[in-house]
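**Q** Please find one structure pasted underneath; my questions will follow.
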Amino acid sequence: MTSPRRRAFRVFLLTAGVGLLLAVWLVHKVTSYPDHAAGSARGTVEIEIPKGSGAQRVSELLAEAGLIEKPAFFRLYAGQRGAASRFRPGHYKVEAPVTPRQLVDLIVKGVADELIAVTIPEGKNMVEVAEILDAAGVTNKGEFLAQAVDPIFVKNLDLPGRSLEGYLFPDTYRLLPRSQASRVLVAMVRRHRQVFDELRARNPTGANYLRTKLAFDDARIVTLASIVEKETGQPEERPRIAQVFINRLTKPTFKPRLLQTDPTIIYGCTVAPSFLGEASPACQKWDGRIRRIHLDDTANPYNTYTHEGLPPGPIANPGRAALAAVFRPDGTNFLYFVSRNDGTHQFSATVSEHEAAVVKYQRGGKALSKSD
């Protein structure tokens, strides 16, 4: 063999040897990649995989979190396993270091979101409910309120009125984090209907009285219950508070039929404008206290000092006890009540009794003047 041929043969052998070594190295890298934890992260790493994320986005997020080194290798491996299109969104907690095989298994399987237990107290209005749910991480406050006052959404739930106020039943719910507002609202309305229907079935006499004597439909029952809920925190007082308002609506001698309840004014100035439009001129001067301009305000449709009967709709979300009180009031003849400043109320059947109670409990014994 001539010298040039020998040199060519040696080059061939060297090239073939390098190629073989490279192929062996590549095969080793490919076969060992899935079980080699190469990321820089250590300890618990939290990562959010958004909905609709493909293999490329997932590999980028994993690399940014320090869980993998080479996103391209991860995509190739996921594709080879047929997993690239099966990644599931969610909030993952990963203990690093972790291998690509473990990551693919985890994200294909998905993570079960832990349900959040959140309690909605009785008597909260829809804004307060939205704030509680938002703070708990269940749903966005803005989205929740937008849906709650969406007339199409309200109508689709077969509810009257211009919002879902009154139908967001106070209870403890177990809900998925970052839920769609519509799903949360539907669950709360469904719970309201369950309780309402149960109470109506248990109190057929009361339900018949409300329907025939007062011409109350379900919406009016909920509205009155919301006022009862806001007027007292004492469970034993609720049937009596309900009876006072029913008496004001039914007794022939009580005219004009003004409920004269402060919480309705507050609602009309603070919450109702979000779905009724601009607040009344008096409500635009609202500073957190009820003043004479608010008591005399005829432009506030929720002002029960100037408008007879019930307000246009509920002013809060009543619980079981307040709803039950409307179905089963206590039958007394009281027309007035005043706070004793200890969480309870003094009830009166006549104006003179009521004025005496006001002097005793609200004025420290100072007599009422003519202007009062």
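The values are calculated or read from the model by the stated rules, or taken from the named source; none is laboratory data. Note that the structure is a prediction, hence the values are computed from the model and not measured. In this analysis, Cβ positions are derived from the backbone assuming ideal geometry, glycine residues included, and neighbour counts consider all displayed protein chains. SASA here: full protein model, heavy atoms, side chains in, ligands and nucleic acids out. Shrake-Rupley method; radii C 1.70, N 1.55, O 1.52, S 1.80 Å.
**Q** Select from the stretch 53-69 the residues that are open to solvent by less than 20 Å² (accessible area, probe 1.4 Å) and either of a type in the set (D, E, K, R) or on the phi > 0 side of the Ramachandran plot (or both) and list them in ascending order.
**A** Hit for the stretch 53-69 is G66, nothing else.
**Q** Grab the helices (runs of 4 or more DSSP H) fully contained in the stretch 268-346, keeping just those with 1 or more residues being modelled with pLDDT under 95 and aromatic (F, W, Y).
**A** Of the helices (runs of 4 or more DSSP H) lying wholly inside the stretch 268-346, those with at least 1 residues that are modelled with pLDDT under 95 and aromatic (F, W, Y) span 273-276.
**Q** Does any residue of the stretch 184-194 turn out to be among the hydrophobic types (A, V, I, L, M, F, W, C), open to solvent by less than 30 Å² (accessible area, probe 1.4 Å), touching a Phe, Trp or Tyr at 6+ places or on another chain (Cβ under 6 Å) and closer than 25 Å to A136 by Cα?
**A** yes
**Q** If you don't mind, another one. Go through (1) within 25 Å of P151 (Cα to Cα); (2) over 26 Å from the mean Cα position of the chain (by Cα); (3) surrounded by fewer than 17 Cβ atoms within 10 Å (Cβ to Cβ) one by one and return the number of the condition N303 breaks.
**A** (3)
**Q** Further question on the same structure: Of all residues in the stretch 22-38 being of a type in the set (A, V, I, L, M, F, W, C) and open to solvent by less than 70 Å² (accessible area, probe 1.4 Å), which is modelled with the lowest pLDDT?
**A** Let us first name the residues in the stretch 22-38 that are of a type in the set (A, V, I, L, M, F, W, C), namely 22-27, 30, 37-38.
From the residues that got through so far, the ones that are open to solvent by less than 70 Å² (accessible area, probe 1.4 Å) too are 23, 37-38.
On the way: A23: 47, A37: 83, A38: 78.
Within the stretch 22-38, the match that is modelled with the lowest pLDDT is A23.
**Q** Turning to a different aspect of this structure: Answer yes if at least one residue in the stretch 246-253 is among the β-branched types (V, I, T) and either in a helix (DSSP H, G or I) or on the phi > 0 side of the Ramachandran plot (or both), and no otherwise.
**A** yes
**Q** State whether the residues of the stretch 155-170 include one that is assigned to a helix (DSSP H, G or I), more than 30 Å from R340 (Cα to Cα) and in contact (Cβ under 8 Å) with a residue 60 or more places away in the chain.
**A** No, the stretch 155-170 contains no residue that is assigned to a helix (DSSP H, G or I), more than 30 Å from R340 (Cα to Cα) and in contact (Cβ under 8 Å) with a residue 60 or more places away in the chain.
**Q** Kindly indicate the residue of the stretch 39-52 that is within 32 Å of the chain's Cα centre (by Cα) and charged (D, E, K, R) and also least open to solvent (accessible area, probe 1.4 Å) among those meeting that condition.
**A** Checking each candidate, the answer is E48.
**Q** Looking only at the stretch 215-245, count every residue that is part of a loop (DSSP other than H, G, I, E, B) and closer than 17 Å to A322 by Cβ and tell me the total.
**A** Qualifying residue count for the region: 4.
**Q** Applying the selection to the stretch 171-201, what residues are hydrophobic (A, V, I, L, M, F, W, C) and either in contact with a Cys (Cβ under 7 Å, 6 or more places away or on another chain) or not in a loop (DSSP other than H, G, I, E, B) (or both)?
**A** L175, A181, V184, L185, V186, A187, M188, V189, V195, F196, L199, A201
**Q** Residue check, Q234 against (1) in contact with a Ser or Thr (Cβ under 8 Å, 6 or more places away or on another chain); (2) at pLDDT 95 or above, all met but one. Which one?
**A** (2)
**Q** Here's something else I'd like to know. For the stretch 205-254, what are the residues that are closer than 18 Å to F334 by Cβ, among the β-branched types (V, I, T) and buried (at least 23 other Cβ atoms within 10 Å of the Cβ)?
**A** Within the stretch 205-254, I227, V228, I241, V244 meet the criteria.
Every residue, every condition in (1) touching a residue at least 40 places away in the same chain (Cβ under 8 Å); (2) open to solvent by 60 Å² or more (accessible area, probe 1.4 Å), yes or no:
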| residue | (1), (2) |
| --- | --- |
| L276 | yes, yes |
| S280 | no, no |
| G313 | yes, no |
| A325 | yes, no |
| Q346 | no, no |
| V351 | no, yes |
| A357 | no, no |
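**Q** If we keep just the residues of the stretch 158-179 that are open to solvent by 30 Å² or more (accessible area, probe 1.4 Å) and more than 12 Å from the chain's Cα centre (by Cα), which is nearest to R190 (Cα to Cα)?
**A** Looking at the filtered set, the residue picked out is D158.
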